[in-house]
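In what follows, a single structure is set out as structure tokens and then discussed.
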Amino acid sequence: MRFKMACTGKDAMTGSGELTTKANTFKQNINMRAGGDGMFMVSTGKRIGGACKDSQGR
């Protein structure tokens, strides 16, 4: 999934990112810019357990 965002107002910023998923892993890159400064974030993760149960044990 690819996305773009824009926040307006006092602390306006823009950004874009990409999220890639596989069966048990994910990776995301997010690039943001605010007030002339930039930030680039990379996150990765993997499934380490079973699905969570709801409040009724399903």
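List of remarks:
- Scan of segment 17-37 for residues that are surrounded by 11 or more Cβ atoms within 10 Å (Cβ to Cβ) and of a type outside the set (Ser, Thr, Tyr), ordered by number: 17, 18, 19, 26, 27, 28, 29, 30, 31, 32, 33, 34
- Segment 8-33: number of residues that are modelled with pLDDT under 95, farther than 29 Å from residue 48 by Cα and small (Gly, Ala, Ser): 2
- The chain holds strands (runs of 3 or more DSSP E) entirely within its bounds, and those carrying 2 or more residues that are polar (S, T, N, Q) and under 19 Å from the mean Cα position of the chain (by Cα) map to 13-21, 25-34, 37-46.
- Residue list for segment 27-47, filter: free of Cβ contacts under 8 Å to residues at least 12 places away in the same chain and in contact with a Gly (Cβ under 9 Å, 6 or more places away or on another chain): 39
The values are calculated or read from the model by the stated rules, or taken from the named source; none is laboratory data. Keep in mind the model is a prediction, meaning the values are calculated, not measured. Note that we place each Cβ from the backbone using ideal geometry, even for glycine, and neighbour counts take in every protein chain shown.
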